[in-house]
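Step one of this worksheet: look at the structure below.
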Amino acid sequence: MPVRPIARLSRSDLADLNAFKAVERLRSFTKAAVELGISTSALSHSVRNLETRLGVRLLNRTSRTVAPTEAGANLALRLEVGFREIGEALDDINRMRDRPVGRLRLNVLSDGARLIIARHLPKFISLYPDVEVEISVDDRMVDIVSEGFDAGIRFGNTVPEDFATVRLGPDLKWVAVASPRYLYHRTAPAVPEDLRLHSCLQMRTGQGTIYKWEFRRGDDYRVIDVPGQICVSETALAIELALAGTGIAYCLEDRVSTYLRDGSLRVVLPEWSPTEPAMHLYYPGHRRIPQGLRELIDVLKEEI
């Protein structure tokens, strides 16, 4: 079958090029399909159609990996420039509107999702109904540029360098908490080292390591590798287990403020509770800020 040269781009051509660009960037048909909101089979069909029209293989596929061919890598680089130009042109048009329009993709750690997004996003979407917001809650350290996110929210001391950052509120207090039921049967710890005699709810971080609990009293700083029968990867579950009397959890004070007020949980070692850097919103400083992000930042700064 003769190859049809793409001289004048059709809507189908642009859709297939965008599909290829997503697969090449994510190195995964599955992840790209989720991002594009289509099925994996439809995405695979789109890329095959593009390769057929161009008459050249763009991606090498195995059961486990996807990698661009030389032609595919070259096309992806050129498309990055082209689609960025298209995006900036659309942004220029949108700036002529009275209100922003478009889609924001945010990558947010779970604490940020509960304490910032859940609390303040309703105000933003009520003010800017033409902006769609997609939120990926993920405690792993994600390259927001390569993953196609417009911005991320993380703790200030974990934000990668070379990003523009916006501080979201004051520094954050961390606490060890347990239920009265748990403490009734045990001697409450007096110093951080006493935690080694307790049942602690260990936390596996987004980097894959088990978090060592940090404590500070004045200039005295201690890090404890706590024992525990249970290890979890999300704060919400650790808090629920602490409420059930299973053990001691370590988390942001703001995550358990309601339970501390009604007595469901109590802070252990309160004089050792450390204060750590606030959460920050961050985004690529070298790129033009996308439609809606500046307005979201303004809302968060005002609300927080």
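What follows draws every value from the coordinates through simple rules; no lab data is involved. Not measured: the values here are computed from a predicted model. FYI the Cβ positions are ideal-geometry reconstructions off the backbone, even for glycines, and counts take in every protein chain you see.
General remarks:
- Computed from the C-beta positions of Thr275 and Glu70 and an R0 of 51 Å, the FRET efficiency is 0.45 to the nearest 0.05.
- Straightening the chain between Tyr259 and Arg167 buys 30.4 nm, computed as 0.36 nm per residue apart minus the Cα-Cα spacing.
- Angle between the chain longest axis and helix 118-127 axis [Cα atoms, degrees, rounded to 10]: 40
- In this calculation the C-beta distance from Asp219 to Ala118 is compared with R0 = 25 Å, giving a FRET efficiency of 0.10.
- Scattering from the chain was approximated by placing one identical point on each alpha carbon and applying the Debye formula without solvent; log10 I(q)/I(0) at 0.07, 0.08, 0.16 1/Å stands at -0.39, -0.49, -1.25.
- In the elastic network of the chain, a GNM with C-alpha springs shorter than 10 Å, the most mobile of Leu59, Leu269, Leu14 is Leu14.
- Pair Lys301, Arg288: separation of 7 Å Cα→Cβ label points (nm): 2.1
- Zone of His185's modelled label, taken as backbone nitrogen in segment 211-234 under 19 Å from a point 7 Å along Cα→Cβ: 227-231
- Peptide packing for 251-262, 101-112, 196-207 was compared via the average number of neighbouring C-beta atoms within 10 Å per residue; ordered from the highest value, the list is 101-112, 196-207, 251-262.
- Candidates Ile116, Ile38, Ile239: whichever shows maximal mean-square fluctuation once the chain is modelled as a Gaussian network with Cα springs under 10 Å: Ile38
- Which of Leu197, Val142, Tyr182, positive extreme of dipole for the chain (C-beta unit charges): Val142
- Label-point gap, in nm, between Thr40 and Ser126 - each point 7 angstrom along Cα→Cβ: 4.2
- Leu104 long-range amide H proximity, modeled H, under 5 Å: Glu132, Val133, Glu134
- Once backbone amide H atoms are built at 1.01 Å from N, Ile230 has Gln202 as its partners under 5 Å, excluding neighbours fewer than 5 places away on the same chain.
- Full extension of the chain segment joining Arg11 with Arg99 gains 29.0 nm, where the gain is 0.36 nm per residue of separation less the Cα-Cα distance.
- Within straight-line cross-link reach of Lys21, lysines at Cα separation under 21 Å, skipping those fewer than 8 residues along the same chain: Lys31
- Taking all pairs of distinct alpha-carbon atoms in segment 199-304, Kirkwood radius in angstrom: 16.4
- Computed [θ] at 222 nm, deg cm²/dmol, the chain (DSSP H ≥ 4; -39,500 (n - 2.57); rounded to nearest 500): -10500 deg cm²/dmol
- 3J(HN,Hα) along segment 290-302: x, 4, x, 5, 4, 5, 5, 4, 4, 5, 5, 5, 5 Hz, from the Karplus curve 6.51 cos²θ - 1.76 cosθ + 1.60 with θ = phi - 60°, whole Hz, x for Gly and Pro.
- Ordering of 63-74, 221-232 by burial proxy (mean other Cβ atoms within 10 Å per residue, highest first): 221-232, 63-74
- Applying 1/(1 + (r/R0)^6) with r as the Cβ-Cβ distance of Ile86 and Thr30 and R0 = 30 angstrom yields a FRET efficiency of 0.70.
- Among beta bridges from DSSP that stay inside the chain, the antiparallel ones total about 65%.
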